[in-house]
Amino acid sequence: MNIAFCTEYLLPQMNGIAVRCDEYLKHLNENNHNVEVYGPDLHNKTTTGIHSITNYWNKGNRITVFPNLKLLYKILMGKYDIVHVVLPLFAWFPIIALFTKMTGTKLVLSNHVNLSYYSKSYFNSKILVSICKTIISMYYRFQNIVADLIMAPSNYEETQKYIKPEKFQIIKTGIDTDIFFSSPKTKLKKEIIYVGRIAPEKHLDRLFNLFLLLNDYRLTVIGDGPELQRLKSLFSENPNISFLGFVNHDELTPYYQKADFHLVSSLSETFGFTLIESMACGTPVIYPDCGVFRSLYLNDFPELMYNVNDDSSFFKAVDHLNSSLESLSLQSIEYAKKHSWQSATQDLIRNYSSNLPLRTSFVWALIPKRFISYVMILMYFGFCTVRYVKN
């Protein structure tokens, strides 16, 4: 298949969406699919770089701001079987949707963020949260209209509420066992790890409060984000807390292996990559009770779930882990083995291949392609002229 893969999330960004995109691209190419990657400029993994700016809420990410004429032209010329847009962001994806509709090219959208939870985490005003709720509702309604398929890593709150069931598909997730490999636990080291973004949606104030309730433990915090400096100022003088900042994805394994358990407090996840990475390294996870984690982990690790607002349930989870560390470590390794990127990519390809629409709509076929070429060339020169004048 010929695939246009549009994403603003690529390694070395520290987030699960970037990991997922990187693995999909690697395995799609290994399966002999022709994939062209459209993403932010200044990134060496994009086939075609698009002018971008820094994401205000996540300084490590960049946002594309202008439509890419090469992509639109290739869609019009019928060069792609699939156009896959990774959401959220990619602000001009409605233009892509319009062009795929005109040509009958299959449009696949994948959602990876619980936007409603983010709005509550970043905005204190009830009015702003209410406005965001309306915008989010419209955002998903538009997806229902234009997309041939809408995917997500789990059936979280927003997918249940807004996306039509007949258009929705859960996508599988994998783990790279060449990077994350096991080291079974035999004795307690009194070490805890947190890996992830240091941001409001991760509920990290609660995580630190829970840690301070424990005796004789050490906490290693890996990650970067807008809350890092504030949390450092609050806890950097505590000798039992270490802030390591950003660590490359392929260098995380020894940190996971060193810990007794990975502590998670976020209620906003749509999957939670760091949990499965930790398990692959033989390190169990103590996780909060929320819809996504309940559906993914409750059957296998019921005693390790805690109520984020209940200290006693957290202590109960820690006590259970302390008494069963070795068996939980082996159980975590076996759980992670069920997830492979090869299998996840095959599942993605099956979703791509199902119900492919006609390549070109009848009305659009009546318009001469040479005329389209001229229009696109004029648009390109006009765009270049505007940028030149502005500079």
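Restricting attention to the range 306-345, the residues being in a loop (DSSP other than H, G, I, E, B) and over 25 Å from Tyr24 (Cβ atoms) number 5.
If you scan the range 44-66, which residues turn out to be in a loop (DSSP other than H, G, I, E, B) and crowded, with 18+ Cβ neighbours inside 10 Å?
Passing the criteria: only Thr46.
One residue stands out among those in the range 183-202 that are surrounded by fewer than 20 Cβ atoms within 10 Å (Cβ to Cβ) and in a loop (DSSP other than H, G, I, E, B): the one that is modelled with the highest pLDDT, which is Lys190. Residues in the range 86-111 that are among the small types (Gly, Ala, Ser) and assigned to a helix (DSSP H, G or I): Ala97 alone.
The residues of the range 269-293 that are in contact (Cβ under 8 Å) with a residue 40 or more places away in the chain and part of a loop (DSSP other than H, G, I, E, B), listed by number, are Glu269, Thr270, Phe271, Gly272, Cys281, Gly282, Thr283, Pro284.
Of the listed requirements (1) of a type in the set (Val, Ile, Thr); (2) surrounded by fewer than 21 Cβ atoms within 10 Å (Cβ to Cβ); (3) at pLDDT 90 or above, Val221 misses just one: (2).
When we screen Val285, Val375, Val308 for residues that are aliphatic (A, V, I, L, M), at pLDDT below 95 and within 26 Å of the chain's Cα centre (by Cα), the only hit is Val308. The residues in the range 141-182 that are closer than 27 Å to Ala259 by Cα and assigned to a strand (DSSP E or B) can be counted, and the count is 1. Taking the conditions exactly as written (buried (at least 17 other Cβ atoms within 10 Å of the Cβ), touching a Cys at 6+ places or on another chain (Cβ under 6 Å) and under 18 Å from Thr270 (Cβ atoms)), does Ser119 satisfy them or not? Judged against the criteria, Ser119 is a match. Within the range 72-85, the set of residues being assigned to a loop (DSSP other than H, G, I, E, B) and either touching a strand residue (DSSP E or B) at 6+ places or on another chain (Cβ under 8 Å) or crowded, with 20+ Cβ neighbours inside 10 Å (or both) comprises Lys79, Tyr80, Asp81.
One line per residue, one yes/no per condition, for (1) outside the structural domain of Ala97 (by TED's automatic domain parsing); (2) touching a Ser or Thr at 6+ places or on another chain (Cβ under 8 Å); (3) in contact (Cβ under 8 Å) with a residue 60 or more places away in the chain:
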site	(1), (2), (3)
Pro165	no, no, no
Ile198	yes, no, no
His203	yes, yes, yes
Phe208	yes, no, no
Arg218	yes, yes, no
Val221	yes, yes, no
Ser233	yes, no, no
Gln257	yes, yes, yes
Leu267	yes, no, yes
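Take the residues in the range 294-305 that are outside any loop (DSSP other than H, G, I, E, B) and modelled with pLDDT of 95 or more, then tell me which one is nearest to Glu157 (Cα to Cα). Step by step, filter the range 294-305, then rank; the result is Met305.
The values are calculated or read from the model by the stated rules, or taken from the named source; none is laboratory data. Since this is a predicted model, take the numbers as computed values, not measurements. Neighbour counts are summed over all protein chains in view; Cβ atoms, including those assigned to glycine, are modelled from backbone coordinates with ideal geometry.
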